[in-house]
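Report on the following structure.
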Amino acid sequence: MTHSYDSHGWYLSNSNEFEWGIEEGSVPNGAEAAYLKSVGSSGESSGYISKSAAPASHMGKRVRLTALVKTSLVEDSNAQLWIRVDADSKRKSGTTDNTVATKLEANTDWAQYQIVVKVPKSSRNIVFGLTLNGSGTAWLSDVSLETVEADVSSTGLVAPTR
């Protein structure tokens, strides 16, 4: 089962230092892209955009987060595509089962990135997004979350395809 997510409706953290919006036609396939841009003066802050998904159809399985990402970053800055699976709040051993992220530095052209994680049966939420650490802009498009076969390894980053 694959769920696609459009460029609208992202949650923004740290709105004093960052902004997000939609850019039309900036992706090679002509699709819209969500962007995350630093607007604060410090250049040392972090901000992110995120969405969440109900885990019901993925519980006890592996999911693959796939997205096109592009960056234009200032030196010593980076961006991260990430996914987190939150455990059932009744569990005593914390609230997060895993956070897996890519780390993109410098300027990158559009490339597809994939992250594969396990979704435990006790999960209550899947959260995914794009983080910007420092100054610059990062773009995100063609985001999807799909259930994959058990033989697909959980990985932090599958090499980008261009």
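Would you check which residues across the stretch 72-82 are surrounded by 13 or more Cβ atoms within 10 Å (Cβ to Cβ) and at pLDDT below 90 and list them? Give the steps one after another, and end with the answer.
Within the stretch 72-82, the first condition is being surrounded by 13 or more Cβ atoms within 10 Å (Cβ to Cβ), and the residues that meet it are 72-74, 77-82.
If the condition is that a residue be surrounded by 13 or more Cβ atoms within 10 Å (Cβ to Cβ) and at pLDDT below 90, then Val74 is the only one that fits.
May I ask you to verify whether Val69 is under 16 Å from Lys103 (Cα atoms), β-branched (Val, Ile, Thr) and surrounded by fewer than 16 Cβ atoms within 10 Å (Cβ to Cβ)?
Values: under 16 Å from Lys103 (Cα atoms): yes; β-branched (Val, Ile, Thr): yes; surrounded by fewer than 16 Cβ atoms within 10 Å (Cβ to Cβ): no.
Taking the combined requirement at face value, the residue does not satisfy it.
If Val85 passes every condition in (1) among the β-branched types (Val, Ile, Thr); (2) at pLDDT 85 or above; (3) surrounded by fewer than 17 Cβ atoms within 10 Å (Cβ to Cβ) but one, which one does it miss?
(3)
Restricting the stretch 15-50 to residues that are hydroxyl-bearing (Ser, Thr, Tyr) and surrounded by 15 or more Cβ atoms within 10 Å (Cβ to Cβ), which is farthest from Thr137 (Cα to Cα)?
Checking each candidate, the answer is Ser50.
Sort through Asn107, Asn133 and tell me the only one that's loosely packed, with under 15 Cβ neighbours inside 10 Å and modelled with pLDDT of 90 or more.
Numbers: Asn133 fails: loosely packed, with under 15 Cβ neighbours inside 10 Å.
Going through Asn107, Asn133 in turn, just one is loosely packed, with under 15 Cβ neighbours inside 10 Å and modelled with pLDDT of 90 or more: Asn107.
I need the full set of residues from the stretch 16-56 which are of a type in the set (A, V, I, L, M, F, W, C) and either modelled with pLDDT under 90 or assigned to a loop (DSSP other than H, G, I, E, B) (or both), in order please.
Filtering the stretch 16-56 for residues of a type in the set (A, V, I, L, M, F, W, C) gives 18, 20, 22, 27, 31, 33-34, 36, 39, 49, 53-54, 56.
Within the stretch 16-56, Val27, Ala31, Val39, Ala54 meet the criteria.
Taking the stretch 6-63, which residues are under 13 Å from the mean Cα position of the chain (by Cα), within 18 Å of Ala111 (Cβ to Cβ) and hydroxyl-bearing (Ser, Thr, Tyr)?
Ser7, Tyr35
The values are calculated or read from the model by the stated rules, or taken from the named source; none is laboratory data. Note that this is a predicted model, so its numbers are computed, not measured. Here the Cβ is made from the backbone with ideal geometry for all residues, glycine too, and neighbour counts use every protein chain on show.
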